[in-house]
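Written below as structure tokens is the structure these notes are about.
The values are calculated or read from the model by the stated rules, or taken from the named source; none is laboratory data. Just so it is clear, the model here is predicted, and its values are computed rather than measured. Methodologically, a virtual Cβ is constructed for each residue, glycine included, from the backbone with ideal geometry; neighbour enumeration extends over all protein chains shown. Side chains included, ligands, DNA and RNA excluded: accessible areas come from the protein's heavy atoms. Shrake-Rupley method; radii C 1.70, N 1.55, O 1.52, S 1.80 Å.
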Amino acid sequence: MVPRLRHELQPLQLLEICYDVCDAMAFLESCQLIHRDLAARNCLVDSNLTVKLSDFGMTRYVLDDLYVSSLGTKFPVKWSAPEVFHYTKFSSKSDVWAFGILMWEVFTLGKQPYELYDNMQVIEKVSQGYRLYRPQLVSDITYQIMYNCWHEVCVSACTLKCISMSM
């Protein structure tokens, strides 16, 4: 049923999916939790398009909104903010970055981000300022929300709660 449903999804439904994920992530953020592995592959969607977050194996509780993992730790490069792949520093801001990638996945109906590049190329491209293109199904306003998630220096207002309210 999912392949058939995939072709019937409208942009408003895709935005609602993103909103539901953002709302769940804002809740985690309010509990001082960082997910560290937010991606479409870790969202469960039922036939009514109800979305549930899953795979909390990398989630961490943080007191000061920062978790530095040890060198050699594996992480999903294509969903990671520059501070993650350069310094292994995770925060709610790196979850914001991953949320922008998830939005892109949703609005491309499940394409792989940076599909033409391997992990090392992604690190190089993102470090040079490259960002994912605007998917065909996304409006300019929604793409701006997505794109704002990918600022290297995220301003203090750049929280999942603020993003959720702007959607």
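Brief remarks on what is shown
- Checking each residue in the stretch 57-104 for being of a type in the set (Ser, Thr, Tyr) and either out of contact with any Asp or Glu (no Cβ under 7 Å at 6 or more places or on another chain) or without any contact (Cβ under 8 Å) to a residue 24 or more places away in the chain (or both) picks out THR59, TYR61, TYR67, SER69, SER70, THR73, SER80, TYR87, THR88.
- Pairing residues of the stretch 15-34 that are over 18 Å from MET167 (Cα atoms) and free of Cβ contacts under 8 Å to residues at least 40 places away in the same chain with residues that are open to solvent by 50 Å² or more (accessible area, probe 1.4 Å) and aliphatic (A, V, I, L, M), at Cβ distances under 8 Å and at least 6 apart in sequence or on separate chains, gives GLN32/LEU63.
- Single residue of the stretch 140-167 satisfying the filter (touching a helix residue (DSSP H, G or I) at 6+ places or on another chain (Cβ under 7 Å) and over 23 Å from HIS86 (Cβ atoms)) that is surrounded by the fewest Cβ atoms within 10 Å (Cβ to Cβ): SER166
- Top-ranked residue in the stretch 4-57 [being buried (at least 16 other Cβ atoms within 10 Å of the Cβ) and among the small types (Gly, Ala, Ser); ranked as farthest from PHE85 (Cα to Cα)]: ALA24
- Scanning the stretch 41-84 for residues that are of a type in the set (Phe, Trp, Tyr), at pLDDT below 90 and in contact with a Phe, Trp or Tyr (Cβ under 8 Å, 6 or more places away or on another chain) gives TYR67, PHE75.
- Residue in the stretch 106-117 that is small (Gly, Ala, Ser) and within 26 Å of MET165 (Cβ to Cβ) present: no
- In the stretch 132-167, residue modelled with the lowest pLDDT [restricted to those that are part of a loop (DSSP other than H, G, I, E, B) and aromatic (Phe, Trp, Tyr)]: TRP150
- If you check SER80, SER91, SER54, SER69 for being closer than 22 Å to ILE123 by Cα, among the hydroxyl-bearing types (Ser, Thr, Tyr) and touching a Leu at 6+ places or on another chain (Cβ under 6 Å), only one passes: SER91.
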